[in-house]
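The values are calculated or read from the model by the stated rules, or taken from the named source; none is laboratory data. Please read all numbers here as calculations on a predicted model, not as lab measurements. Using ideal geometry, Cβ is built from the backbone for each residue, glycine included, and neighbour counts are taken over all protein chains shown. What goes into the accessible areas is simple: the full protein's heavy atoms, side chains included, and nothing from ligands, DNA or RNA. Shrake-Rupley method; radii C 1.70, N 1.55, O 1.52, S 1.80 Å.
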Amino acid sequence: IDKVIKEGGQAIVLIPEIALTYQTVRRFYGRFGDKVSVINSRLSLGERYDQFKRAKQGELQVMVGPRSALFTPFGKLRLIIIDEEHESSYKSENSPRYHARETAIHRAKLEGARVILGSATPSMEAYYRAKEGEYVLVKLEARFEERPLPRVSIIDMREQLKKGNRLALSLELREDLSQCLKKGEQAMLFLNRRGYAGFVSCRSCGHVMKCPHCDVSLSEHNGRKLICHYCGYEEKLVKICPECGSDKIRYFGTGTQKLEQEIHKQFPQAKTIRMDVDTVTKKNSHEEILNKFKNEDIDILIGTQMVVKGHHFPKVTLVGVIAADSSLNIDDYRATERTFQILTQVAGRAGRENLPGKVIIQTYNPENFSIQEAQKQNYDKFYETEIALRKQLKYPPFCDIIVIGFNSTNEDEIKKVSQEIFEKLEDKIDKEQFNIFKPMPSPIDKIQNKFRWRIIIKGNMTEEANKIFNDTLKEIYQKNYKNTKITIDVNPNNMS
């Protein structure tokens, strides 16, 4: 970036999380002063307009921010850096459904700029292209200042149950936390679920409390209420089963709030702070929480994915992963890749300076290869195993997955529209190049009182295929189905 600026050029630096913005911008201001600005979703439209206007007028030379920073109107763009390029937040879930990596490469071609993709755990697609010679591969073989990697232990939670331990913390993690606190060092506990309990069900009849508007289970939150994480629906805590009248209601799973309560019980002297979607609602919440943890003698930071990436806390010597399986048990072909990435990234928070680091991964599935290779921090071995599976099953990067999504208030209409599109595409597309599956309800088949269906197509998305999809949609739109919305997403983040 320094070289680009000295030559009169401009640079864009993409980061995946608002949580990283404060730390990253502080470093950039320290180096480049007021030539740097930041853009993120917490800024008002007016504030964003001001920053883009400054960029267009040549007052700025570096823009830092999430994927929307890619559209900074620089006239002399020479460099785009995508930090943590493997992150799912670089793919837009709303129209236009672009991926920041592909868009950055396209913009760089148009403007004669370079793109640098950075990651300790590259996406399968990017690493495959580097291996194939499409990208230049540059490896950092050692940690900064040759510091050793943390020691990583896997705890089999099935054995904990046999020992009579039914709490979220294993006996080993409790002992290590105790030692960490005695030494005056800091710990981070990572759990990929906010709230209090995973789901609420009746032990008598098995009925699970679900959202009336979405086909998903409700989560208990500490305010003694049940919340839907898809539409925000809330209801009071259930004490009697609505199906069978039993009072044997049980709360399964552990969320960040429940974990925080357990820590308070086990270690009443410890100061804790929680960082999840529920605690970062205000504009500068991320910075406040991270600053408190760094500067105010907080002992334990409990958080979801937003604590995993890029943060540098010199006093953190212990990292605990509470439920490594939670990212494995999802209906997505990238489940093992994401599990490996999360575990490797969270392990990287421990022992970043002079004090040695230790990581404890708690799991009910210790044999899984992604967990095994994350313990060894062995990306290449993980990649070799995973890429062979992807090739065998014809998943990206060996093909594209095209999802045509249907969303409707009318169940009959959604079935009719999806079947009609399926039949038209079956006639038009090349069966040797594409594999098209019949329309089916989505895994979560109802959200906010709207039915959800999808057609999945596997093949390589070409200009010709794109034209076929667009022409088919135009034909359908002319029939004026009023209740049904149709979307096309190539390699979507979320398969639910």
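On a straight-distance basis, which lysines could pair with residue 53 in a cross-link, Cα separation under 28 angstrom, same-chain partners fewer than 8 positions away excluded?
By straight Cα distance, residue 53 reaches 3, 6, 35, 76, 91, 109, 282, 283.
Hey, got a sec? Which GluC sites (Glu not before Pro) in the stretch 1-75 land in a DSSP loop and have at most 11 other Cβ atoms within 10 Å?
Here the sparse-neighbourhood loop sites are 7.
Per-residue counts of other Cβ atoms within 10 Å, averaged by peptide: what ranking do you get for 31-41, 105-115, highest first?
Ranking the peptides 31-41, 105-115 by packing returns 31-41, 105-115.
Rolling a 1.4 angstrom probe over the protein heavy atoms, how many square angstrom per residue are accessible across the chain?
Normalised by residue count, the accessible surface of the chain is 50 Å².
Starting from the Cα of residue 183, draw a straight line to each of the lysines and keep only those under 19 Å, dropping any in the same chain fewer than 8 residues away.
Answer for residue 183, where 19 Å is the Cα cut-off: 271, 294, 315, 358, listed by chain and number.
Given C-alpha coordinates of the stretch 71-220, what is the ratio Rg to Rh with the Kirkwood estimate of Rh?
Value, to two decimals: 1.10.
Count the DSSP beta bridges whose two residues both fall in the chain, then state the antiparallel fraction as a percent rounded to the nearest 5. Before the final figure, lay out each step's value.
Details: 36 of 76 bridges.
If we restrict to bridges inside the chain, about 45 percent are antiparallel.
Mind sorting out which of (1) 47, 41, 26; (2) 36, 34, 23; (3) 35, 26, 24 is the real semi-axes √(5λ) of the Cα gyration tensor in Å computed from the coordinates?
Computing semi-axes √(5λ) of the Cα gyration tensor in Å and matching it to (1) 47, 41, 26; (2) 36, 34, 23; (3) 35, 26, 24 gives (2).
Rounded to the nearest 0.05, what FRET efficiency do residue 409 and residue 237 have when you use their Cβ-Cβ distance and R0 = 35 Å?
After rounding, the FRET efficiency stands at 0.70.
Among 78-91, 482-495, how do they line up by average Cβ neighbours within 10 Å per residue, starting with the highest? Can you show the working numbers first?
Details: 78-91: 21.5, 482-495: 16.5.
Result, highest mean first: 78-91, 482-495.
Can you check what the net charge comes to around residue 77, using other residues whose Cβ is under 14 Å from the Cβ of residue 77 (Lys, Arg +1; Asp, Glu -1)?
Taking every Cβ under 14 Å from that of residue 77, the sum is +4.
Among the listed pairs 225/292; 162/376; 225/248; 225/258, give every one whose C-alpha distance is greater than 19 Å.
Table pairs above 19 Å Cα-Cα are 225/292; 162/376.
How about residue 182: which aspartates and glutamates have a C-alpha closer than 16 Å to its C-alpha, ignoring those fewer than 8 places off in the same chain?
172, 297, 299
Can you give me the % of accessible surface on the chain that is carbon or sulfur? Probe 1.4 Å, all protein chains present, nothing else counted.
Answer for the chain is 48 percent, counting heavy atoms of protein chains only.
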